[in-house]
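The values are calculated or read from the model by the stated rules, or taken from the named source; none is laboratory data. Nothing here was measured: the structure is a model prediction, and the numbers come from that model. Cβ sites come from the backbone with ideal geometry, for glycine too, and all protein chains shown count toward neighbours.
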Amino acid sequence: MLVHLIVSWLVAALALWIVARIIPGIEVRDFGAALIATIVIAIVNATIGSVLHFLFFPITFLTLGLFLLVINAFLLKLASMFTPGFRVHGFLSAVLGSLLLTILSSILRYLVFV
């Protein structure tokens, strides 16, 4: 169980580090900053993200889930405010980064855990 958690954390940090190399408006200083940023992103998603997903469920339902991109981009930008060495410049970078981060982390988790 603990090994699975640590490997998931490393995979998520690797995905964030790769996204920072692809999206011009996202900066991660080094892999250590990506590890810390992954923890902060998880905490922000678990606390504020849960509330926002609940509050904006009607809009998310009406847009067939597309509003989740806006919520996740906001959460990614919010997490970057609390993390040294991790910055997101601009909302478009946050939207593209959150989309790519979701896709890339899903692919990496599938490759690691299958």
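Has region 5-19 got any residue that is buried (at least 19 other Cβ atoms within 10 Å of the Cβ), in contact (Cβ under 8 Å) with a residue 12 or more places away in the chain, hydroxyl-bearing (Ser, Thr, Tyr) and part of a helix (DSSP H, G or I)?
The answer is no; no qualifying residue exists.
If a residue has to be outside any helix (DSSP H, G or I), touching a Gly at 6+ places or on another chain (Cβ under 8 Å) and hydrophobic (A, V, I, L, M, F, W, C) to count, how many in region 27-62 make the cut?
Residues in region 27-62 being outside any helix (DSSP H, G or I), touching a Gly at 6+ places or on another chain (Cβ under 8 Å) and hydrophobic (A, V, I, L, M, F, W, C): 1 in total.
So which residues in region 20-56 are touching a strand residue (DSSP E or B) at 6+ places or on another chain (Cβ under 6 Å) and among the β-branched types (Val, Ile, Thr)?
Ile26, Val28
Among the residues of region 55-100, count how many are β-branched (Val, Ile, Thr) and in contact with a Lys or Arg (Cβ under 8 Å, 6 or more places away or on another chain).
Number of matching residues: 1.
Quick check on my filter: what residues within region 62-86 are among the aromatic types (Phe, Trp, Tyr) and either under 19 Å from Leu35 (Cβ atoms) or in contact (Cβ under 8 Å) with a residue 40 or more places away in the chain (or both)?
Once the filter is applied, which keeps residues that are among the aromatic types (Phe, Trp, Tyr) and either under 19 Å from Leu35 (Cβ atoms) or in contact (Cβ under 8 Å) with a residue 40 or more places away in the chain (or both), region 62-86 yields Phe82, Phe86.
List every residue pair whose Cβ atoms sit under 7 Å apart, with the two residues 6 or more apart in sequence or on different chains, where the first one lies in region 24-42 and is of a type in the set (S, T, N, Q) and the second, anywhere, is at pLDDT 95 or above.
Thr38/Trp9; Thr38/Ala12; Thr38/Ala13; Thr38/Leu16
Return the total of residues in region 66-112 being crowded, with 18+ Cβ neighbours inside 10 Å and in contact with a strand residue (DSSP E or B) (Cβ under 7 Å, 6 or more places away or on another chain).
So the count comes out to 9.
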